[in-house]
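If you scroll down you'll find the structure; I have some questions about it.
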């Protein structure tokens with residue numbers, strides 16, 4: 001393992017197969033991989049509800065951050081990948097509620113599809129965790 005780099009797994013179904021970590025801390029930065037609304041049992045949560053999926057995703061991200069010793073208020077960037085940009089208001093509202101007191105820079109981009117057609121949103125983040 002490279003010095004100064006910590007890798008954190010969540011045990012998600014694709015981490016081992018696809019060869020990635022849920023979160024990686026490198027120096028003062030913590031990166032959380034694209035996260036969707038799939039739970040630990042492989043069930044897609046909030047099917048058909050972009051707001052509910054966004055809330056579930058942000059809860060999973062908060063758990064990944066906590067596992068690495070960080071918090072939501074340390075997030076400095078969010079990238080939201082959505083399958084239907086017409087649902088931006090639903091997704092953005094939940095994002096806005098969670099980050100109202102500490103807004104990161106953010107982008108929302110429509111994509112053709114996510115790994116499961118029931119998934120409506122995927123979010124990845126970067127956090128500054130400091131020395």
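The values are calculated or read from the model by the stated rules, or taken from the named source; none is laboratory data. Predicted, not measured: the structure shown is a model, and the values here were computed from it. For neighbour counting, all protein chains shown are included, and Cβ atoms are generated from backbone atoms with ideal geometry for every residue, glycine included.
Of these, 103, 131, which one is at pLDDT below 95, farther than 18 Å from residue 36 by Cα and part of a loop (DSSP other than H, G, I, E, B)?
Sole residue among the options that is at pLDDT below 95, farther than 18 Å from residue 36 by Cα and part of a loop (DSSP other than H, G, I, E, B): 131.
Test residue 70 against the stated conditions and say whether it is assigned to a helix (DSSP H, G or I) and under 24 Å from residue 131 (Cβ atoms).
no
Further, regarding this structure: Exactly one condition in (1) in contact (Cβ under 8 Å) with a residue 40 or more places away in the chain; (2) crowded, with 17+ Cβ neighbours inside 10 Å; (3) in a helix (DSSP H, G or I) is not met by residue 56; state its number.
Single failed check for residue 56: (1).
Report yes if some residue within segment 87-99 is assigned to a strand (DSSP E or B), in contact with a strand residue (DSSP E or B) (Cβ under 8 Å, 6 or more places away or on another chain) and over 11 Å from residue 123 (Cα atoms); otherwise report no.
The answer is no, given that none of the residues of segment 87-99 is assigned to a strand (DSSP E or B), in contact with a strand residue (DSSP E or B) (Cβ under 8 Å, 6 or more places away or on another chain) and over 11 Å from residue 123 (Cα atoms).
Related question: Looking at 33, 37, 23, 50, can you tell me which residue is more than 22 Å from residue 71 (Cβ to Cβ) and crowded, with 19+ Cβ neighbours inside 10 Å?
50
Then there's this: Any idea which of 74, 110 is touching a strand residue (DSSP E or B) at 6+ places or on another chain (Cβ under 7 Å) and surrounded by fewer than 16 Cβ atoms within 10 Å (Cβ to Cβ)?
Matching residue, one of 74, 110: 110.
In addition: Given the structure, is residue 63 part of a helix (DSSP H, G or I) and closer than 25 Å to residue 24 by Cα?
Considered against the rule, which asks whether it is part of a helix (DSSP H, G or I) and closer than 25 Å to residue 24 by Cα, residue 63 comes out as yes.
Checking the condition touching a helix residue (DSSP H, G or I) at 6+ places or on another chain (Cβ under 9 Å) and touching a residue at least 60 places away in the same chain (Cβ under 8 Å), which residue from 35, 78 passes?
Answer to the check: 35.
Regarding segment 28-46, can at least one residue be identified that is assigned to a helix (DSSP H, G or I) and closer than 22 Å to residue 114 by Cβ?
no
Could you please give the count of residues in segment 1-20 that are without any contact (Cβ under 8 Å) to a residue 40 or more places away in the chain, assigned to a loop (DSSP other than H, G, I, E, B) and surrounded by fewer than 16 Cβ atoms within 10 Å (Cβ to Cβ)?
9
Test residue 119 against the criterion of being in a strand (DSSP E or B), within 17 Å of residue 35 (Cα to Cα) and touching a strand residue (DSSP E or B) at 6+ places or on another chain (Cβ under 7 Å), and give yes or no.
Criteria not met by residue 119.
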